[in-house]
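Q: Have a look at the structure that comes next, please.
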Amino acid sequence: MTKLLAMAGLIALSGCAAAPKSAAEAVAPEAAAVAPVAAEAESEAPMLATKASYDAAMAAADERQRVFDDPAMSISLQGELVQGGLVFGQTLPGATATLDGEPLMVSDDGRFLLGFGRDHGASALLVIKHVDGSVVRRALDIASRPFPVDRIDGLDQSKVSGFTEAQLKKIAVDKEKKTAARAVTAPETFWAGGFSWPVTGRISGVFGSQRILNGEAKTPHSGVDVAAATGTPVKAPAAGIVRLADPDMYFEGGLIFIDHGQRLESAFLHLSRIDVKPGDRIEAGQVIGAVGATGRATGPHMHWSLKWMGTLVDPQLVAGEMPQAELAGSAGN
Ligand SMILES: [Zn+2]
């Protein structure tokens, strides 16, 4: 399914998996300064000029893919050490870990995540402390990536700027809901089975593009967009627990958050239908809702973003190539 899954066999550590903790570990809410899940939309023509350069960059990122499997150091990392990359880590049971001094959640059987934001610097430091007291320090080179500029016109101006008092109130209420939904995360490693595309079709917007909406510079695109007809089922890309399911957010429209554990969370925007509720346990591939054009959108599509410890990462890197047969079916979108 995904590259990550394909490489799962590389992990050859001998630790026995202890049962996960039953109670969810509370995690401090993100600071207010953390960028909200950005609402977005898509356009057709402006993307064409940048798509070729983006595809070239993706191919280069694939070449840079690095896999570490170093039993001597008791750390295995799978994924891309690149801006926007999410890396699956495995070490010995009982270890603790930090990334650039920030404590990471590590499962009882030694699994952890590393994420690198769009603007991450050229290096990062991973420190693992084993139960026997030994410490492993690994300097990681983080490759940079170009991000296209994405101009989108024709958006409802009331969703872009010049908000009324009532709209600002609604935006503030929505923000509180999102913050509350992110305040808790599961200790389980639901992410460990890898990720697949929630919807298949033409990719109409890429992670990290600089967005210019109705001529106004906005925050970079927070996720990936897939063009699909309203009503197309949206499937959970991995297992998890629903943390938010709201049909009417100001920017996002119909919005679902799924907690994949260890502070990794998917968001699905602009949904026309929501089939789940907060607290639901979701299996990978389960239908959670349907594609729509609610909130700030110019047409029906599915927006998927992935956030790890408050840092947005690129879903396209973990979902891998879009299935070709499905692509053919969506030609003409
Ligand atoms: Zn989007």
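Q: I want to confirm something. Restricting to region 292-308 and keeping residues that are away from the ligand (no atom under 11 Å from the Cβ) and either closer than 18 Å to Ala239 by Cα or of a type in the set (Lys, Arg) (or both), which single residue is surrounded by the fewest Cβ atoms within 10 Å (Cβ to Cβ)?
A: The qualifying residue surrounded by the fewest Cβ atoms within 10 Å (Cβ to Cβ) is Trp308.
Q: Here's a follow-up. Do you know which residues across region 182-204 are basic (Lys, Arg) and more than 17 Å from the chain's Cα centre (by Cα)?
A: Arg202
Q: Go over the candidates Lys170, Lys175 one by one and state the one that is modelled with pLDDT of 95 or more and basic (Lys, Arg). Quick ask: steps written out before the conclusion?
A: Numbers: Lys170 fails: modelled with pLDDT of 95 or more.
Checking each option against the conditions leaves just Lys175.
Q: Same structure, new question: Whether any residue in region 183-197 is within 16 Å of the ligand (Cβ to nearest atom), in contact with a helix residue (DSSP H, G or I) (Cβ under 7 Å, 6 or more places away or on another chain), of a type in the set (Phe, Trp, Tyr) and under 20 Å from Met309 (Cβ atoms) is what I want to check.
A: no
Q: Enumerate the strands (runs of 3 or more DSSP E) found wholly within region 224-291, keeping only those where 3 or more residues are within 16 Å of the ligand (Cβ to nearest atom) and farther than 14 Å from Thr200 by Cα. It would help to see each step written out before you state the result.
A: Details: elements: 224-227, 233-235, 240-249, 253-259, 264-271, 287-290.
Those strands (runs of 3 or more DSSP E) span 253-259, 264-271.
Q: For region 271-287, which residues satisfy the criterion of being buried (at least 24 other Cβ atoms within 10 Å of the Cβ) and touching an Asp or Glu at 6+ places or on another chain (Cβ under 7 Å)?
A: none
Q: Cβ-Cβ under 8 Å, sequence separation 6+ or interchain: first residue in region 268-281 and farther than 21 Å from Thr185 by Cβ and among the small types (Gly, Ala, Ser), partner at pLDDT 95 or above and away from the ligand (no atom under 16 Å from the Cβ). Which pairs?
A: From region 268-281, the pairs are Ser272/Gly231; Ser272/Ala290.
The values are calculated or read from the model by the stated rules, or taken from the named source; none is laboratory data. Quick caveat, the model's predicted, so the values are computed rather than measured. Neighbour counts are summed over all protein chains in view; Cβ atoms, including those assigned to glycine, are modelled from backbone coordinates with ideal geometry.
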